[in-house]
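Some notes on the structure that comes next.
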Amino acid sequence: MKKILQIALLVLMLAALLVLVPSGAMVAQAEILELPADAYEGLPPQKSGYLSDWAYEDPSISVSIETGRYEETNYMVAHVKLANATQLRTAMASNYYNPSTSLGTTIAKRCNAVLAINGDFFSTRNGVGLVTRQGKEYRLKCNGDYDVLIIDDQGDLHILPSATNQDVETFAGVIMQGFTFGPGLIIQGEKQTDLAKYVFAAGQKYAQRMCLAQIGPLEYLCICSEGPEDKGSVGLTLDQFCDLVSSFEGIQNAYNLDGGSSSTMVFRNQKINSPNNPKRRPLCDIIYFASAYQPDGQE
């Protein structure tokens, strides 16, 4: 009888602990890692995390992808939520000092990317601008001709219009990623105008477009549009693309990245944007979102 009472008491104590500790909270927190800045890749995505051809979710990241149509052009938007800032990462196709290119799908697969988009094709800027990748600065030669995008160690986007070296040097934060292309489409919640003057971004041309936007802490939108080489689409000018991007609620900052045939969105190691366009331009670099979830028993 005494042994039965002891067992019953033990069961009651365990039940009380389960009530006091939220189910899975401590376990899930312990399994979400911070990824080292000098690591090339993220943790492998979980096979069970792929909810469909357009969605992924594990305790550290969620990605949902939708399509739509604007100004006679198809577009695609990926909504990404992260557990920590180390999951927003960049990767180069090769060494910065001897740059070569690879298909975005190749780089993304090598990095275990859950979702990846093209970067700014830094080698085409002719030695001008800011290039920082994973906290390492490779180039700082800002001459005021380009809007610069900085991603800090909190995962927040900051756009410096017509940036100079002094603008970058006086930035009050830790720079993890720095890009030179642009322009900024939305800066601190304000939609930008007169974008056609940005000749380098082919502002008045109907083209494929790509942007990275932030809508909240560790919450992002990647938005891309098709171009005239895609069946059923005419492409968007930079102003039209800005109109499309600003139609999404809550965007704080949105930055235009390299477009045309460089416009690339990769999910499940496949290029999913502009599916009917045979052109696949190799890239210098990608921006990617990685899983930081390590299940029990995996190292």
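For region 40-196, what percent of Cα pairs sit more than 25 Å apart? Before the final figure, lay out the partial values.
Numbers: 4667 of 12246 pairs.
That fraction is 38 percent.
If we sort 175-185, 245-255, 63-73, 106-116 on the protection proxy, mean other Cβ atoms within 10 Å, highest first, what's the order?
The peptides rank, most packed first, as 175-185, 106-116, 245-255, 63-73.
With N set to the number of residues, divide the alpha-carbon radius of gyration of the chain by 2.2 N^0.38 Å and report two decimals.
1.13
Could you please report the charge total around A37, scoring K, R as +1 and D, E as -1 over all other residues with beta-carbon less than 12 angstrom from its beta-carbon? Intermediate results must be reported in sequence, preceding the final value.
On the way: positive: R89, R133, K136; negative: E34, D38, D153.
Residues near A37 contribute 0 overall.
Tally Lys and Arg at +1 and Asp and Glu at -1 over the other residues with C-beta under 12 Å from the C-beta of G49: what net charge comes out?
0
Could you state the angle between the C-alpha long axis of helix 2-20 and the longest principal axis of the C-alpha atoms of the chain, as a value from 0 to 90 degrees rounded to the nearest 10?
Tilt relative to the chain: about 20 degrees.
Using modelled backbone amide H atoms (1.01 Å from N, in-plane), which distant-in-sequence or interchain residues come within less than 5 Å of F181's amide H?
L149
Net charge around L236, counting only other residues with Cβ within less than 12 Å of its Cβ (Lys, Arg = +1; Asp, Glu = -1)?
Details: positive: R69, K205, R209; negative: E71, E72, E226, D230, D239, D243.
Surrounding charge for L236 is -3.
Which trypsin sites (Lys or Arg not before Pro) from region 204-299 combine a DSSP loop assignment with at most 14 other Cβ atoms within 10 Å? All intermediate terms of the calculation are to be shown ahead of the outcome.
Details: sites: K205, R209, K231, R268, K271, K279, R280; in loops: K205, K231, R268, K279, R280.
Sites meeting the loop and neighbour criteria: K231, K279, R280.
Got a sec to turn the phi values of region 175-182 into Karplus ³J(HN,Hα) couplings, 6.51 cos²θ - 1.76 cosθ + 1.60 with θ = phi - 60°, whole Hz, x for Gly and Pro?
Once θ is set to phi - 60°, the couplings for region 175-182 become 7, 9, 9, x, 10, 10, 8, x Hz.
Mind checking the dipole of the chain: about its Cα centre, +1 per Lys or Arg Cβ, -1 per Asp or Glu Cβ, Debye to the nearest 20?
Around 840 debye, computed over the chain.
Contact order normalised by length for region 2-290, with contacts defined as Cα pairs under 8 Å and 6 or more residues apart; what percent is it?
Contact order relative to length: 24 percent.
Ordered by residue, what ³J(HN,Hα) values in Hz, to whole numbers, does region 118-130 give under the Karplus form 6.51 cos²θ - 1.76 cosθ + 1.60, where θ = phi - 60° and Gly and Pro are x?
Ordered by residue, 3J(HN,Hα) equals 5, x, 9, 6, 4, 6, 8, 8, 6, x, 10, x, 9 Hz.
For every helix of n ≥ 4 consecutive DSSP H residues, a contribution of -39,500 (n - 2.57) applies; sum these over the chain, divide by its total residues, and give [θ] at 222 nm rounded to the nearest 500 deg cm²/dmol.
Rounded to the nearest 500, the figure is -4500 deg cm²/dmol.
Amide H to amide H, which residues 5 or more places from D285 or on other chains are under 5 Å from it, using H placed in the peptide plane?
Residues meeting the amide H criterion: A93, G119, F121.
None of the figures in this text is laboratory data; all of them are computed from the coordinates on show. Since this is a predicted model, take the numbers as computed values, not measurements. A quick note on method: Cβ atoms are made from the backbone with ideal geometry, for glycine too, and the neighbour counts reach across all protein chains shown.
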